[in-house]
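Comments concern the structure below.
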């Protein structure tokens, strides 16, 4: 009976006529384990069973043309809650492997989780790519083997962070006061990171969040609204005027080439491609697009160590961003320093983020020097 109810509910929200076709339209948006202090009947599976502790949020994502939107990307139309038992039985999604990995960590936090769990965490900005690579390199190392102590301690620290994200107590809350366009502007201004923007885009309208999610979103909201000091929070905002714009100056191939050369970052590449099909842009969007186009025409950045990629001469860089990145620490060293409380989580994350950079601004270089001093104590 519960199976029939689940199939009917999924098909009623899908374009596929049969469950086999309809189930392929759904992806894994979120998984979490409800803690013991959560209301006993806090979550109910779409099949009708309750309560459920291993919760999966499935998203209905389909091609835009199927949803009647004039675009080529996918559109998120709906979300439903389904228990892990039903997802494992009836959907081709990795929730079972993720929850199995979490159970293993609860019994022994030094164990390694599977790659599906790491990919899930990476997609949500909980881990950096460099941390995932470090983790995969340590997969075969055991705590009982001599010489592995630092590596295992670093991996255990990552595991505890993962567990804190997955164990959730849902809290009622209001949608964020900050808007997605404001978050995009804050990312362009460097007040939040790209992974912060992705998280905020998913959670800005949410009215139930875990404790960790709410704390994270509140912190982002504060940074996003920093550029709006003096503005009444509830003041009615004027309608944003938009200007007709011509075709994009550069082709997708040219933008991809500029991205590979390090002239523009991931966010700038994505925004430029998003706006390519727009006939109108706001003044702020047009200004950002112009700045991106100016970056594309600049010479490529100098490679690590100061040598230009093409001619061997130092490549010009903008004022305030001409410092070589300098010494780089391994992920294991940074995690070990964090475990030893020499540096905090923010400092560790900044160092991991800057590992990918060839040059730093004056402010970033100054912060990096201070962190390095702490690590050498």
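State whether one or more residues within region 108-125 are in contact (Cβ under 8 Å) with a residue 12 or more places away in the chain, touching a strand residue (DSSP E or B) at 6+ places or on another chain (Cβ under 9 Å) and not in a loop (DSSP other than H, G, I, E, B). Within region 108-125 (the criterion being in contact (Cβ under 8 Å) with a residue 12 or more places away in the chain, touching a strand residue (DSSP E or B) at 6+ places or on another chain (Cβ under 9 Å) and not in a loop (DSSP other than H, G, I, E, B)), the answer is yes, since at least one residue qualifies. Only one of these is farther than 22 Å from residue 253 by Cβ and modelled with pLDDT of 75 or more: 282, 311, 317. Name it. Being farther than 22 Å from residue 253 by Cβ and modelled with pLDDT of 75 or more holds for just one of 282, 311, 317, which is 282. Within region 184-200, residues that are free of Cβ contacts under 8 Å to residues at least 60 places away in the same chain and not assigned by TED's automatic domain parsing to the domain that holds residue 29 reach partners that are assigned to a loop (DSSP other than H, G, I, E, B) and buried (at least 18 other Cβ atoms within 10 Å of the Cβ) with beta carbons closer than 6 Å, at six or more positions or on different chains, in the pairs 186/192. Taken over region 76-85, the criterion of being buried (at least 20 other Cβ atoms within 10 Å of the Cβ) and outside any strand (DSSP E or B) is satisfied by 84 alone.
The values are calculated or read from the model by the stated rules, or taken from the named source; none is laboratory data. Just so you know, these numbers come straight off a predicted model, no measurement behind them. FYI the Cβ positions are ideal-geometry reconstructions off the backbone, even for glycines, and counts take in every protein chain you see.
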